[in-house]
Amino acid sequence: MQQMNTIIKGLLANNFQFDAQATFYVLTDDTTKTLGAAFAEGLRQNGYDTTLEVMADRSKNGEEPPKAIAEKWYDYTAVFCLTRYSLTHTVARKEANKRGVSVITMPGITEDIFFNGAMTADYSKVEQETLVRATQLSEASSVIIHTGGQYELRLPLEGRKGLPSTGVFKTPAASGNLPSGEAYIAPLEGRANGEILITGSIASLGLVDEPVLLTIRDGLLVDASGTQGKALLTILGEGAGRNVAELGIGTNYKARIIGTILEDEKAYDTIHVAFGSNHTFGGTVNAGVHIDCVTKNPEIIFR
């Protein structure tokens, strides 16, 4: 508990800017409730009025929390979500931000992730790198990704804004992951084409057993190789879940690829593409699912 209190004290000093009257709501679930309870107690030990709530696990990333729970968020300064599946790309998170509430999501968080790796980075450095990458994405009309020495994916970006997830949340209604460190953007729907070889991990499936080749036509994932590729297609379903929703670039020098997407997608020398919803960060698709796929050592060409 002392280690937890120390890390929370550092986060409150360096990553946030709350006054003494701030109130916090910690949402956790059956899978993550032990760590969630410890986090809530750590906030209390650091002097903050904190409410803890445990919900049933969601079934996939991007699934909405119960409406009754989401509506409670409006009464707090900030919400911390330590859950099995991600609530980042949800209407609940977006609506809370509109009402001035900060929402910090930690999907798949474990003790290892909390005490090691990406969480231990100097976030002033992460912030600087992330802002540079976000600007590159905003200024590009398209990005070409080369993987595996022979595969190419073209993603049109014109008119879309690159967004920084810096891990530094010093303004009201902030949102993002902890640990953090990525710049990301919603590519134009219906226009991405090509292939990308996934060599890192896939959200909900963990580290890839062997590289998974994804084939994208007119903005949709149409094929994915191997057993894990087929499992990915099943999670996404036949409809809007296959939309190319996101391109992200990892910017956290301490992040590791460990099979948990929360940390994997933040690692240096990685990019990730995600499928499904992007309506919460500049896109137009609400699919009720959002699945990230991380690949290592890509070549990135901005146009």
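Criterion first (farther than 30 Å from Ala121 by Cβ, touching a strand residue (DSSP E or B) at 6+ places or on another chain (Cβ under 7 Å) and not in a strand (DSSP E or B)) does Gly194 satisfy it? Working first, answer last.
Working: farther than 30 Å from Ala121 by Cβ: yes; touching a strand residue (DSSP E or B) at 6+ places or on another chain (Cβ under 7 Å): yes; not in a strand (DSSP E or B): no.
The answer is no for Gly194.
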Open item on the list: Please count how many residues of the stretch 222-280 are part of a strand (DSSP E or B), touching a residue at least 24 places away in the same chain (Cβ under 8 Å) and of a type in the set (Asp, Glu).
Closed with: 1
Open item on the list: I'd like to verify a number: residues in the stretch 7-33 that are open to solvent by 80 Å² or more (accessible area, probe 1.4 Å) and in a helix (DSSP H, G or I), how many?
Closed with: 3
Task: Close pairs (8 angstrom Cβ cut-off, 6 or more residues apart or separate chains): at negative phi and at pLDDT 95 or above in the stretch 16-41, among the acidic types (Asp, Glu) and assigned to a helix (DSSP H, G or I) anywhere - done: Thr23/Asp75; Tyr25/Asp75; Leu35/Glu111
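Tell me, which residue of the stretch 99-140 that is polar (S, T, N, Q) and over 30 Å from Glu71 (Cβ atoms) is most open to solvent (accessible area, probe 1.4 Å)?
Looking only at the stretch 99-140, we keep the residues that are polar (S, T, N, Q), and these are 102, 105, 110, 116, 120, 124, 128, 130, 135-136, 138.
From what is left, the residues that are over 30 Å from Glu71 (Cβ atoms) are 116, 120, 124, 128, 130, 135-136, 138.
On the way: Asn116: 69, Thr120: 70, Ser124: 71, Gln128: 129, Thr130: 0, Thr135: 67, Gln136: 65, Ser138: 49 Å².
Filtering first and then ranking leaves Gln128.
Assess whether Gly36 counts as being open to solvent by 20 Å² or more (accessible area, probe 1.4 Å) and closer than 20 Å to Gly167 by Cβ.
no
The rows are residues; the columns are (1) more than 16 Å from the chain's Cα centre (by Cα); (2) among the basic types (Lys, Arg).
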{"position": "Gly148", "(1), (2)": "yes, no"}
{"position": "Arg154", "(1), (2)": "yes, yes"}
{"position": "Glu158", "(1), (2)": "yes, no"}
{"position": "Ala174", "(1), (2)": "no, no"}
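With Leu188, Leu163 as the choices, which residue is under 14 Å from Ala245 (Cβ atoms), free of Cβ contacts under 8 Å to residues at least 40 places away in the same chain and aliphatic (A, V, I, L, M)? Before you say what the answer is, go through the steps one by one.
Values: Leu163 fails: free of Cβ contacts under 8 Å to residues at least 40 places away in the same chain.
None of the other options fit; the residue is Leu188.
Please find, among Thr130, Thr147, Thr120, the residue that is at pLDDT 95 or above and under 25 Å from Val168 (Cα atoms). Talk me through it step by step, then tell me what you get.
Working: Thr147 fails: under 25 Å from Val168 (Cα atoms); Thr120 fails: at pLDDT 95 or above.
The match here is Thr130.
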- [ ] With the condition kept exactly as written, say whether any residue in the stretch 78-97 is in contact with a helix residue (DSSP H, G or I) (Cβ under 9 Å, 6 or more places away or on another chain), surrounded by fewer than 18 Cβ atoms within 10 Å (Cβ to Cβ) and basic (Lys, Arg).
- [x] no
TODO: Tell me, yes or no, whether the stretch 77-99 has at least one residue that is at pLDDT 95 or above, over 16 Å from Ala174 (Cβ atoms) and over 22 Å from the mean Cα position of the chain (by Cα).
DONE: no
Task: Within the stretch 196-245, tally of residues that are open to solvent by 10 Å² or more (accessible area, probe 1.4 Å), more than 18 Å from the chain's Cα centre (by Cα) and over 23 Å from Thr284 (Cα atoms) - done: 13
Task: Breaking point among (1) touching a helix residue (DSSP H, G or I) at 6+ places or on another chain (Cβ under 6 Å); (2) crowded, with 18+ Cβ neighbours inside 10 Å, for Asn46 - done: (2)
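Among the residues of the stretch 179-201, is any of a type in the set (Ser, Thr, Tyr), farther than 21 Å from Arg256 by Cβ and modelled with pLDDT of 95 or more?
From the stretch 179-201, those of a type in the set (Ser, Thr, Tyr) are 180, 184, 199, 201; that's our starting set.
Adding the requirement that they be farther than 21 Å from Arg256 by Cβ leaves none.
No; the residues of the stretch 179-201 include none that is of a type in the set (Ser, Thr, Tyr), farther than 21 Å from Arg256 by Cβ and modelled with pLDDT of 95 or more.
Would you mind finding the one in Glu111, Glu71 that is more than 17 Å from the chain's Cα centre (by Cα) and without any contact (Cβ under 8 Å) to a residue 12 or more places away in the chain? Walk me through it before giving the result.
Details: Glu111 fails: without any contact (Cβ under 8 Å) to a residue 12 or more places away in the chain.
Criteria check complete, one pass: Glu71.
The values are calculated or read from the model by the stated rules, or taken from the named source; none is laboratory data. These numbers were taken from a predicted model, which means no experiment stands behind them. Cβ atoms come from the backbone with ideal geometry, glycine included; neighbour counts cover every protein chain shown. We work out accessible area using only protein heavy atoms, side chains counted, and drop any ligands, DNA or RNA first. Shrake-Rupley method; radii C 1.70, N 1.55, O 1.52, S 1.80 Å.
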